[in-house]
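Here's the structure we're looking at; comments come further down.
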Amino acid sequence: MNGSPPGDDQHPLPKDYMMESLLVTIFCCLMSGLFALMYSYETRAALARGDMREAERASQKARLLVLFSLMFGVFVCVAWVIYVVIAICA
């Protein structure tokens with residue numbers, strides 16, 4: 001019989017958000033994007049060590065920072081467009 005024995009729960013590996021962190025660092029917000037990259041790397045390192053609890057914690061922090069960076073970048077872009085439109089119309 002292949003696979004895990006009955007009753008053995010296998011949880012999926014936490015996502016490291018490395019690509020997302022890199023993209024928001026380049027396009028949205030440098031500072032929080034760098035912190036997201038740091039936690040993404042920490043997730044990969046914890047997975048390599050086999051420390052699932054630490055990998056999950058670092059993955060959640062990386063996801064939070066990616067979302068923050070994305071929202072901040074969108075906010076700044078929208079604010080800039082509004083500023084330009086008001087400056088042109090005035």
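The values are calculated or read from the model by the stated rules, or taken from the named source; none is laboratory data. Quick caveat, the model's predicted, so the values are computed rather than measured. Using ideal geometry, Cβ is built from the backbone for each residue, glycine included, and neighbour counts are taken over all protein chains shown. In case anyone asks, the SASA skips ligands and DNA or RNA and just uses the protein heavy atoms, side chains included. Shrake-Rupley method; radii C 1.70, N 1.55, O 1.52, S 1.80 Å.
Below, the figures for the structure above:
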item: Residue match in region 40-59 (condition: surrounded by 15 or more Cβ atoms within 10 Å (Cβ to Cβ) and closer than 24 Å to CYS77 by Cα); result: no
item: Condition broken by ASP16, with the remaining ones in (1) part of a helix (DSSP H, G or I); (2) in contact with a helix residue (DSSP H, G or I) (Cβ under 6 Å, 6 or more places away or on another chain) satisfied; result: (1)
item: Selection from region 66-90 of residues that are of a type in the set (Val, Ile, Thr) and under 9 Å from the mean Cα position of the chain (by Cα); result: VAL66
item: Hits in region 51-65 - residues which are more than 8 Å from the chain's Cα centre (by Cα) and either of a type in the set (D, E, K, R) or over 15 Å from SER32 (Cα atoms) (or both); result: ASP51, MET52, ARG53, GLU54, ALA55, GLU56, ARG57
item: Only listed residue being open to solvent by 90 Å² or more (accessible area, probe 1.4 Å), at pLDDT 95 or above and touching a helix residue (DSSP H, G or I) at 6+ places or on another chain (Cβ under 8 Å), chosen from PHE35, PHE75; result: PHE35
item: Breaking point among (1) at pLDDT 90 or above; (2) surrounded by fewer than 20 Cβ atoms within 10 Å (Cβ to Cβ), for SER4; result: (1)
